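Data block below; observations after.
The values are calculated or read from the model by the stated rules, or taken from the named source; none is laboratory data. Just so you know, these numbers come straight off a predicted model, no measurement behind them. In this analysis, Cβ positions are derived from the backbone assuming ideal geometry, glycine residues included, and neighbour counts consider all displayed protein chains.
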Amino acid sequence: MDRLLSQQEIDNAFRSALGPTAEDGGPKAEAYDFRRTDRIAKDQLRTIHLLHENFTRSMSSSLSAYLRSYVVVNLISVEQLSFLEFTQSLSSPTCLITLGMKPYDGTAILEINPSLVFPIIEMLLGGNGKAPTPVMREMTEIEQSVLEGVLRVILNDLRTAWTTVASIEFSIDSQETEPQLLQILAHNEAVVAIGIEVRIGEASGMMNLGIPSIVIKMLRQKFDQHRTVRKALPTETEQERMLNLVRPAAVYMDVRLPEQKVAVPELLELGEGDILLFDYAATNPLELIINGRRKYAGEVVGMNGRRALQIAGIVEK
């Protein structure tokens, strides 16, 4: 048959030969972003998640002591984003701190939401941190200086948490207020975004930490060593070695009477040769304090011309 096929007939022939396509309800192709070649493995993300859980627990106690208020810190998320997505997720204006990561050539980002920053500043200046309305403005230079003490506490806990993987010295390089002005990374470069919620009394806010994925890739070998943990029970040789290491340790012991009460005038009138009478029988047991903890009970005896304590039992908690 000598007939020329039309273009539509040729397309129909190819379509029937290739089978169903995405337009016909077949499997759809997924777009692949070739710019994100530095994405890290999921097992490293799990390690980072565990690492920052320890960081939040440590920061909760450190900030509670520093601010003299009850602080609750919770890890919300650990995910991988592009630098552009990370900056777009931050509020504006906000408190942005760029962090050096010595000895590694990288810069991390710490963002503290204004809903958290200004109550902290008010508490540091003697207030109770209960502002009637939320403050949404840029920080002044004086307020940035006041906040430096809190930042040192946070960075110290962050440095301690990362020591299980690598020794990283986090330091403050600069402070900004607008996320769009950050030019430390390319827009398509991947970062590990850690979202942390902080509650101080009635105030609460988010703290976000962004670490470049390229730095995480540099630490790949250290992450592998961190995951390689022996779960077997220690052998007798290892137990003996640990015991030999502990043997030279000094243990401080102190024998004390249980708590006794003395009137202040009587205490002030004490002089040399006076006898202080306690309301405690000599036959009652005394407590043996070991490294500041009540451990044993016993009675005073004589041995080789010296006083000694004969242990009678363990003190119940």
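Listing for the model above:
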read-out: Every pair of residues 6+ apart whose Cβ atoms lie under 7 Å, when the first sits in segment 156-169 and is buried (at least 20 other Cβ atoms within 10 Å of the Cβ) while the second is assigned to a loop (DSSP other than H, G, I, E, B); value: TRP162/ILE168; ILE168/TYR104
read-out: Selected residue [surrounded by 10 or more Cβ atoms within 10 Å (Cβ to Cβ) and of a type in the set (A, V, I, L, M)] from LEU268, LEU276, LEU286; value: LEU286
read-out: Hey, VAL192 at negative phi and either in a helix (DSSP H, G or I) or outside the structural domain of LEU96 (by TED's automatic domain parsing) (or both) or not; value: no
read-out: Number of the condition not met by GLU111 [criteria: (1) outside any strand (DSSP E or B); (2) touching a Leu at 6+ places or on another chain (Cβ under 6 Å)]; value: (1)
read-out: Which listed residue is of a type in the set (Ser, Thr, Tyr), within 21 Å of GLU189 (Cβ to Cβ) and surrounded by fewer than 18 Cβ atoms within 10 Å (Cβ to Cβ), from THR107, THR98, THR87; value: THR98
read-out: Tally of residues being assigned to a strand (DSSP E or B) and more than 16 Å from MET253 (Cβ to Cβ) across segment 302-312; value: 1
read-out: Unmet requirement for ALA108, which otherwise passes all of (1) of a type outside the set (Ser, Thr, Tyr); (2) over 18 Å from SER213 (Cα atoms); (3) modelled with pLDDT of 90 or more; value: (2)
read-out: Single residue of segment 159-192 satisfying the filter (closer than 23 Å to PHE118 by Cα and hydrophobic (A, V, I, L, M, F, W, C)) that is modelled with the highest pLDDT; value: ILE172
read-out: Close pairs (9 angstrom Cβ cut-off, 6 or more residues apart or separate chains): buried (at least 16 other Cβ atoms within 10 Å of the Cβ) in segment 55-76, part of a loop (DSSP other than H, G, I, E, B) anywhere; value: LEU63/SER69; LEU67/GLY129; SER69/ASN128; SER69/GLY129; SER69/GLY201; VAL71/GLY201
read-out: Residue in segment 37-54 that is nearest to the chain's Cα centre (by Cα), counting only those that are surrounded by fewer than 17 Cβ atoms within 10 Å (Cβ to Cβ) and not in a helix (DSSP H, G or I); value: ALA41
read-out: Cross-chain or 6+ apart pairs with Cβ under 7 Å, segment 252-277 first and under 19 Å from VAL300 (Cβ atoms), then loosely packed, with under 10 Cβ neighbours inside 10 Å; value: GLN260/ASP279
read-out: Residue count for segment 136-154, restricted to those that are surrounded by 14 or more Cβ atoms within 10 Å (Cβ to Cβ) and of a type in the set (Val, Ile, Thr); value: 4
read-out: Condition check for VAL117: in a loop (DSSP other than H, G, I, E, B) and either outside the structural domain of SER204 (by TED's automatic domain parsing) or of a type in the set (A, V, I, L, M, F, W, C) (or both); value: no
